[in-house]
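Data block below; observations after.
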Amino acid sequence: MLTRRAILLGGLCAGIAVRSAMARDMPRLLVLGGDLAEIVFALGAGDRVVATDDTALWPPEAAALPKVGYPRRLSAEGMLSLAPDLILSSADAGPPAVMDQVRAAGLRVVTAPEGRGVEAVLAKIAFVGEVLGLETRAAAMAQEVSSGMASLERNLAELPDRPSVLFLMSVGKGPPIAAGRDTAADEMISLAHGRNAVEGFAGYKPLSAEAAVALAPEVVVLPDYVAEAAGGIDAVLAAAGIEDTPAGIAGRVVVMDGLKLLGFGPRTPEAVAELARGLHPDAADRLAL
């Protein structure tokens, strides 16, 4: 007859065996895309990740992992040297020839859906959840994102105006680079109930001092790394053309974490709320999640 001690030891050994088997079955992930890395960690699968690309700066655990380079300038050797079982990749990772090399070497590469906006966030969450077998957690996360955005939109809908916004992706080295239509920045401005001051072009293009003045933005928005590279907010405000706009004269500049602002990941509701508070300071108390 088994003693209580023997039963307990048997159960303990069985538990260790199960956990060991689970550890062996967990794929070693290489994640290409800061947004995808955020989702993986938020789903509780960060311990599977062996490396990321340079854009994966959140959470801190992802930022601390080995990096394989900028997502559009990857090398097959760098990725293969990490011996991942699975590469979870954004749609723009490349160059394409490098990704083909990695596949030819026998590595499985799965590519996330493209797109901007809340629907794209939900699609990426569902995609990662399915790939990692974490569908239940992914569904809960998607519901949280949807609920947060719905609540925020109800409050934003009550605001009377949409301020004109100039979004800058570069300041200080040559003419400022502004965000036009069909960009992640344009989508974020719209979600925060702002109006993109740039309507004359799509993508990101240089902006002359005369053009900046003519656009007359009420607010300038830029990622934190752009502000830092420019030498700070005062340097941004002093840039040619910017200083003579309503935003420059009033000193209205919103600086935000670049990945949170443009990544369209789990923190998108938080990012939209933060940007909205910067665009609508009089209603800031109503725009918290």
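The values are calculated or read from the model by the stated rules, or taken from the named source; none is laboratory data. Here the structure is a predicted model, which is why all the values come from computation and not from measurement. Heads up, the Cβs are rebuilt from the backbone with ideal geometry, glycines too, and the neighbour counts pull from every protein chain shown.
Which of the following residues is charged (D, E, K, R), at pLDDT below 95 and farther than 24 Å from TYR225 by Cβ: ASP25, ASP47? Before the answer, list the steps.
Details: ASP47 fails: at pLDDT below 95.
Unique residue meeting the criteria: ASP25.
Could you check region 207-224 and list, in sequence order, the residues that are surrounded by fewer than 15 Cβ atoms within 10 Å (Cβ to Cβ) and either at pLDDT 95 or above or assigned to a helix (DSSP H, G or I) (or both)?
GLU210, ALA214, ALA216, ASP224, listed by residue number.
When you scan region 167-192, how many residues do you find that are outside any helix (DSSP H, G or I) and over 26 Å from ASP285 (Cβ atoms)?
Adding up the residues that qualify gives 16.
Suppose the filter is assigned by TED's automatic domain parsing to the domain that holds GLU274, within 24 Å of LEU287 (Cβ to Cβ), in contact with a helix residue (DSSP H, G or I) (Cβ under 9 Å, 6 or more places away or on another chain) and not charged (D, E, K, R); does PRO223 pass it?
For PRO223, the condition - assigned by TED's automatic domain parsing to the domain that holds GLU274, within 24 Å of LEU287 (Cβ to Cβ), in contact with a helix residue (DSSP H, G or I) (Cβ under 9 Å, 6 or more places away or on another chain) and not charged (D, E, K, R) - is met.
So which residues in region 268-289 are surrounded by fewer than 22 Cβ atoms within 10 Å (Cβ to Cβ) and outside any helix (DSSP H, G or I), if there are any at all?
Answer for region 268-289, where residues must be surrounded by fewer than 22 Cβ atoms within 10 Å (Cβ to Cβ) and outside any helix (DSSP H, G or I): ALA288, LEU289.
Check off (1) assigned to a helix (DSSP H, G or I); (2) on the phi > 0 side of the Ramachandran plot; (3) not charged (D, E, K, R) for PHE264 and give me the number that stays unchecked.
Result: PHE264 passes all but (1).
Filter region 117-154 for residues that are surrounded by fewer than 18 Cβ atoms within 10 Å (Cβ to Cβ) and of a type in the set (Lys, Arg); which is farthest from the chain's Cα centre (by Cα)?
ARG154
Quick one: what pairs do we get from region 113-135, first residue farther than 18 Å from THR183 by Cβ and outside the structural domain of VAL49 (by TED's automatic domain parsing), second modelled with pLDDT under 95 and surrounded by 15 or more Cβ atoms within 10 Å (Cβ to Cβ), C-beta under 8 Å, 6+ apart or different chains?
none
Give me the pairs: first residue in region 49-70 and outside the structural domain of LEU259 (by TED's automatic domain parsing), second residue among the hydroxyl-bearing types (Ser, Thr, Tyr) and modelled with pLDDT under 95, beta-carbon distance under 7 Å, and six or more apart or on different chains, which are they?
Correct list of pairs: ASP53/TYR70; ASP54/TYR70; GLY69/SER75.
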